[in-house]
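Written out below as structure tokens is the structure these notes cover.
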Amino acid sequence: MSAMQAYETDRVRRHTPPDINARIDDEIRATISHYTGASRETLTRRIDALDREWDIERVLEANAASFTLAGLALSQVHSRRWLWLSTGVAGFLLQHALQGWCPPIAVFRRLGIRTRREIDREKYALKALRGDFEPIAGVHPTRDPDTVSRAIEA
């Protein structure tokens, strides 16, 4: 299976509307184009920022934990009915684990939250532009006419 085929079979992407996936892909291409020809230090700063970027799984988990704790706290302070919030969150997490999708994912994707694969796709393209893979490929990234497309496919 090629890198692009694996990328397209990502469960979150499969359950995301095509226009949102296209927007995220376009942003990745635009970012890579923007950094083409950038200094090694500039590329390194962007790669470091990508290492710190939260992916959709982390955002979902953090939000789920927050809402679960809020539901538990509110059930103790106000009414036991708030336990339904924690129950609903647990159901969403189970649905996501089984299907790769749950209602909050659609909201997060519309907000531009990316999957780990999407973040890594940009990161490794920037590493290719930085020359990290030159010894393997034997190509200098700034002299290759198809730099952006080859970097994206890296």
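Here, each number is a calculation from the coordinates, and none is a lab measurement. Predicted model, so just to flag it, every value in this text is computed and none were measured. Positions of Cβ are generated from backbone atoms using ideal geometry, with glycine treated the same way; all protein chains shown enter the neighbour counts.
Observations on the model:
- Mean Cα-pair separation over length for the stretch 54-142, i.e. relative contact order, pairs under 8 Å, 6 or more apart, %: 28
- The stretch 5-68: C-alpha pair distances exceeding 14 Å, %: 72
- Here the calculated FRET efficiency for residue 79 and residue 99, from their Cβ-Cβ distance with R0 = 41 Å, stands at 0.85, rounded to the nearest 0.05.
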